[in-house]
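Quick notes on the structure that follows.
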Amino acid sequence: MSSAAYFDVDGTLVGTNLLHPTVYFLANQQSVFKSARRLGQALLGGPVMAVAELRDRRLFNELLFSNFRGMTEDRMHVLSSEAYEKTVAPRIFPGTRDLIQKCKDAGMRIVLITGSLDFTIRPLADELGIPQCDIITNRLEFKDGYATGKLMRPVVAGPTKARLMVADSKKHGHDLQDCHGYSDSYSDVPMLSVVGHPHCINPDNKLRRLAKAYDWPILDIETPSRVDIVRA
Amino acid sequence: MAKTPHPCVVTIDHRSKPRALFSGTRVKEYNLPVGSRVMYPKPPMTPLNDVKAAVRYAINHPLGSEPLYAMLRPGMKVTIAVDDLSMPLPPMRRPDVRQHQAEVVLELLRDYGITDIHFIIATAFHRPMTQDEIRHQLGDKIVDEFYPERCYNHDAEKPDGLTFLGTTAQGIDVEINRRAAESDLVVYCNLTFVPMNGGHKSMGTGLVGYRTLKKHHNPATIRASKTYMVPEDSALSDKMVEVGKLIEEKLQVFHIESTVNNRMFDRPLDFLGKNEDELSTNEARGLKALIRSLEWLPQPARQAIFEKVPAPYGVIGVWAGACEPVHEACLEKCYEQLLVPIHGQADIGIFPVPYISPYNVHSYLNPLLVSVMAEGYLFNLYRGDPIVKKGGTAIVLHPCSDIFDRDQHAAYTEFFHKLLPRTRDAKELHKKYEHEYSRHPGYIQMYRSGEAYHPAHPFYMWYWGENGRQHYGRVIVVGADNEYVPGILGYETAPTMEEALRMAREEHGSDPAITCFRIAPMLMADVTVDTPAESSVRTEDEES
């Protein structure tokens, strides 16, 4: 296979961000009391996470997923398909499937590269027909069946995404100049910069400005295409 | 014996005023050498008084088919296909002639109890029209009732959106918009602005997909076309006919064609179509004022001056019925308005490139489109022989700024800056890159849900100039604001007209034949050349 299409997920292919499934997990503990306690702790850490989000996406990911500390691995896996059904599946953008299909038609290998956790992304990959070996995600560290609240290295975010894409392309024999990259966020500029065909999907303002400066294509897959309007 | 020139062909003498020629969104004055010939558009023909009445008459007195009402029965499925906004240029003042056509047809369909009606804008790989643009073209009534569920743009990339109709004798696979293919009747509402529009091209291009388009939009077909403004001299037209005939075999299609005069500018600017030596005092002042204003206004404001005012084109004919007789009648009228006879080819052609082309309505004429105009449209706007001799020089007037509309021409940018520097060879571009780029998922998405041209379109644009590119010896740009854009296109640059003419004289001697093709408004050259016998008589006359 000559080239690959690397997709960020949250905000790019689906209208969720890292918070949606995380909140779902925290809100669905064994008891209402435990759920309230975990949500409360997460809320208390909110301001710190907000600052981290502005300064360093990797730090934000680490702070966010630290809220999972003490949760059992079994429970997280059981909840993951439920979390997908309730939070992710309804928010898949109308143009996502067509775009993925067009990439496949063009002979590209599809790779999801995201800061989300592996078990929340797997059902989406299945839905989009992407092999599990072609997802690059964050992974929680578990000890004796319990989450430690730490992320395993490397933490998938910002510049690390670009480094992981370079490694992945080498492993699969792709020339990155022929590869396509898709993201919605300014924090993903490094991953968009290493491919020959960067694209922005529903970009934030900073990324939109950059995309305009560099003539990167800006796509809208959130609005139903004119054909889908008719279908509806 | 010297032939008397047509009144629209003016020979420059020492008393002639400078010529006011378009250079993008500016108009500039140029002194042309004595003896140069300037071709002006013919005066606009008198328009029809009642266009709706003409449409009604045409569909009740069709050419080569039964009247539209005889084809109708209650409960049938009808698709009304309509040209996109690429013609006329600029868009005509409301109501557009296609609105008249569509409203008359719609009224008739309703009288016959037909309710399953869809309007499809036949965009092919052009950008989708916005709701406002469709409203401008089809009117409030149709848009309010049908948009967006039953009035939409053709989507050549819609999964399962195309139906395969068959393969022509020459091996062209024909796949067409599924809704049109599944309709009991397709009514095509057309406006033929230049002779390459209309006829079998309407259905054979407007409603098909890549599988069909790539068979006629390719370098070999364009190179084999002498001019695509004359069907008999166009290999492109031959292939369209082939595709169109197969479509007509499989589907019932009723064609309505119309054409307009060349009244591109309304009263305050109509002096732009006139001979500078014949302007009234007020018109001459108006021209000076316009030139000065355009000189200091910023580009968007200059663009707005021309774009915001729809053209007052008048409809000069409407015909309906079977494709070929209808198109023939329409072309005859179109030629009558556009053709300006001129005898003899030039060594040097001067081609002002205005601000608009079929592919940049409401956006900027980017460098690739400059080449489409210079070596495509302006080269091909002739009947008989090209305006410039084989190996001659084209002097093109345009700033060639490196500006691309990011929404409409996203794929153009990559084509221009990434592929053209690698090669300008259309065949190589076709062979090495077209397939890959035409399947570019991001650009396809922009075409499907945004306002972008399809990623194959910049390739087609480059091919579009292929016969001009093969014909000219040199292309020199006057007034370019940079050298690298003309360089990428393979053009030379000159700071002034005098310098460009000096460069051209290096090739063509000290007394070259010069013709200036003074577009816009629209015109077309009807070029005749001496037969060998006439040529020898002329030589003897000159010697005696």
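The values are calculated or read from the model by the stated rules, or taken from the named source; none is laboratory data. Note that the structure is predicted; figures quoted are calculated from it, not measured. Note that we place each Cβ from the backbone using ideal geometry, even for glycine, and neighbour counts take in every protein chain shown.
Restricting attention to helices (runs of 4 or more DSSP H) lying wholly within segment B:263-342, give those where 3 or more residues are acidic (Asp, Glu) and not assigned by TED's automatic domain parsing to the domain that holds B:Tyr355.
Details: elements: B:281-296, B:299-307, B:323-338.
Ranges flagged: B:323-338.
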Answer residue from segment A:1-26, given it is surrounded by 15 or more Cβ atoms within 10 Å (Cβ to Cβ) and small (Gly, Ala, Ser) and is nearest to the chain's Cα centre (by Cα) among those: A:Gly11
A:Gly115 vs. criteria away from every other protein chain (no Cβ under 14 Å), out of contact with any Phe, Trp or Tyr (no Cβ under 8 Å at 6 or more places or on another chain) and not β-branched (Val, Ile, Thr): yes
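Just for segment A:171-202: of the residues that are among the polar types (S, T, N, Q) and in contact (Cβ under 8 Å) with a residue 24 or more places away in the chain, which one is farthest from the other protein chains (Cβ to nearest Cβ)? Explain how you work it out, then say what you get.
We begin by selecting, within segment A:171-202, every residue among the polar types (S, T, N, Q); these are A:177, A:183, A:185, A:187, A:193, A:202.
Filter once more, so that each one left must be in contact (Cβ under 8 Å) with a residue 24 or more places away in the chain: A:183, A:185, A:187, A:193, A:202.
Details: A:Ser183: 12, A:Ser185: 17, A:Ser187: 20, A:Ser193: 16, A:Asn202: 11 Å.
The qualifying residue farthest from the other protein chains (Cβ to nearest Cβ) is A:Ser187.
So which of A:Gly115, A:Gly149 ends up being surrounded by 21 or more Cβ atoms within 10 Å (Cβ to Cβ) and either outside any loop (DSSP other than H, G, I, E, B) or not charged (D, E, K, R) (or both)? Step through it out loud before you land on a result.
Working: A:Gly149 fails: surrounded by 21 or more Cβ atoms within 10 Å (Cβ to Cβ).
Selected residue: A:Gly115, the only one of A:Gly115, A:Gly149 that is surrounded by 21 or more Cβ atoms within 10 Å (Cβ to Cβ) and either outside any loop (DSSP other than H, G, I, E, B) or not charged (D, E, K, R) (or both).
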Scope segment B:137-162; condition surrounded by fewer than 21 Cβ atoms within 10 Å (Cβ to Cβ) and either in a helix (DSSP H, G or I) or not assigned by TED's automatic domain parsing to the domain that holds B:Tyr69 (or both); matching residues: B:Asp140, B:Lys141, B:Val143, B:Asp144, B:Glu145, B:Phe146
Positions within segment B:146-159 being closer than 25 Å to B:Thr115 by Cα and more than 10 Å from chain A (Cβ to nearest Cβ), in sequence order: B:Phe146
Residue within segment B:164-183 that is surrounded by fewer than 17 Cβ atoms within 10 Å (Cβ to Cβ), hydroxyl-bearing (Ser, Thr, Tyr), at pLDDT 95 or above and not in a loop (DSSP other than H, G, I, E, B) present: yes
Some residue of segment A:213-228 being under 18 Å from the mean Cα position of the chain (by Cα), hydrophobic (A, V, I, L, M, F, W, C) and surrounded by 21 or more Cβ atoms within 10 Å (Cβ to Cβ): yes
Single unsatisfied condition, B:Phe119 versus (1) in a loop (DSSP other than H, G, I, E, B); (2) within 17 Å of B:His255 (Cβ to Cβ): (1)
Boolean, A:Ala167 is small (Gly, Ala, Ser), more than 10 Å from chain B (Cβ to nearest Cβ) and over 20 Å from A:Arg55 (Cβ atoms): yes
Of all residues in segment B:403-431 being free of Cβ contacts under 8 Å to residues at least 24 places away in the same chain and assigned to a loop (DSSP other than H, G, I, E, B), the one that is nearest to B:Ile356 (Cα to Cα): B:Arg406
Scan of segment B:208-253 for residues that are within 17 Å of the chain's Cα centre (by Cα) and of a type in the set (Lys, Arg), ordered by number: B:Lys226
Single unsatisfied condition, B:Tyr453 versus (1) touching a helix residue (DSSP H, G or I) at 6+ places or on another chain (Cβ under 7 Å); (2) surrounded by fewer than 24 Cβ atoms within 10 Å (Cβ to Cβ): (2)
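For segment A:29-80, give me the residue count where each residue is farther than 21 Å from A:Thr114 by Cβ and of a type in the set (Lys, Arg). If you could, list the steps in order and put the result at the bottom.
Step one: list which residues in segment A:29-80 are farther than 21 Å from A:Thr114 by Cβ, which gives A:29-41, A:43-48, A:51, A:69-70, A:72, A:74-75, A:78.
Narrowing further to those that are of a type in the set (Lys, Arg): A:34, A:37-38, A:69, A:75.
Total meeting the criteria: 5.
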Cβ pairs under 8 Å, 6+ apart, first in segment B:167-188 and in the same structural domain as B:His216 (by TED's automatic domain parsing) and free of Cβ contacts under 8 Å to residues at least 40 places away in the same chain, second crowded, with 20+ Cβ neighbours inside 10 Å and small (Gly, Ala, Ser): B:Glu175/B:Gly209
Cβ-Cβ under 8 Å pairs, at least 6 apart or on other chains, segment A:41-65 side more than 20 Å from A:Ala147 (Cβ to Cβ), far side exposed (fewer than 15 other Cβ atoms within 10 Å of the Cβ) and modelled with pLDDT under 80: none
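Let's see how each residue does on (1) under 26 Å from B:Val230 (Cα atoms); (2) assigned to a helix (DSSP H, G or I); (3) at pLDDT 95 or above:
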| position | (1), (2), (3) |
| --- | --- |
| B:His454 | no, no, yes |
| B:Ile476 | no, no, yes |
| B:Ala480 | no, no, yes |
| B:Gly487 | no, yes, yes |
| B:Glu507 | no, yes, no |
| B:Ser510 | no, no, no |
| B:Val537 | no, yes, no |
Residue in segment B:71-111 that is farthest from the chain's Cα centre (by Cα), counting only those that are in a strand (DSSP E or B) and either among the charged types (D, E, K, R) or surrounded by fewer than 21 Cβ atoms within 10 Å (Cβ to Cβ) (or both): B:Lys77
Selection count where residues are at the interface with another protein chain (Cβ under 8 Å from one of its Cβ atoms), over 16 Å from A:Ser2 (Cβ atoms) and not hydroxyl-bearing (Ser, Thr, Tyr), scope segment B:433-451: 6
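Within segment B:46-103, can you find the residues that are within 17 Å of B:Cys151 (Cα to Cα) and either free of Cβ contacts under 8 Å to residues at least 24 places away in the same chain or hydrophobic (A, V, I, L, M, F, W, C) (or both)?
B:Val78, B:Ile80, B:Ala81, B:Val82, B:Leu85, B:Ala102
In the set A:Gly70, A:Gly11, A:Gly46, A:Gly15, which member is in contact with an Asp or Glu (Cβ under 8 Å, 6 or more places away or on another chain) and either farther than 20 Å from A:Thr160 by Cβ or within 14 Å of another protein chain (Cβ to nearest Cβ) (or both)? Steps first, please.
Working: A:Gly70 fails: in contact with an Asp or Glu (Cβ under 8 Å, 6 or more places away or on another chain); A:Gly11 fails: either farther than 20 Å from A:Thr160 by Cβ or within 14 Å of another protein chain (Cβ to nearest Cβ) (or both); A:Gly46 fails: in contact with an Asp or Glu (Cβ under 8 Å, 6 or more places away or on another chain).
None of the others qualify; the one that does is A:Gly15.
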Any hit, segment B:183-198, residues being within 14 Å of chain A (Cβ to nearest Cβ) and among the small types (Gly, Ala, Ser): no
Count of segment A:77-110 residues which are crowded, with 19+ Cβ neighbours inside 10 Å and more than 14 Å from chain B (Cβ to nearest Cβ): 6
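Do the conditions hold for B:Lys308, that is, is it modelled with pLDDT of 95 or more, closer than 30 Å to B:Gln99 by Cα and either out of contact with any Ser or Thr (no Cβ under 9 Å at 6 or more places or on another chain) or basic (Lys, Arg) (or both)? Give the steps one after another, and end with the answer.
Working: modelled with pLDDT of 95 or more: no; closer than 30 Å to B:Gln99 by Cα: yes; either out of contact with any Ser or Thr (no Cβ under 9 Å at 6 or more places or on another chain) or basic (Lys, Arg) (or both): yes.
Criteria not met by B:Lys308.
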Every residue from segment B:112-133 that is surrounded by 22 or more Cβ atoms within 10 Å (Cβ to Cβ) and within 11 Å of chain A (Cβ to nearest Cβ): B:Ile120, B:Ile121, B:Thr123, B:Pro128, B:Met129
Which numbered condition B:Glu107 fails, given (1) without any contact (Cβ under 8 Å) to a residue 60 or more places away in the chain; (2) farther than 30 Å from B:Pro521 by Cβ; (3) in contact with an Asp or Glu (Cβ under 9 Å, 6 or more places away or on another chain): (3)
Those residues of segment B:484-502 which are closer than 22 Å to B:Pro354 by Cβ and not aliphatic (A, V, I, L, M), in sequence order: B:Pro486, B:Gly490, B:Tyr491, B:Glu492, B:Thr493, B:Pro495, B:Thr496
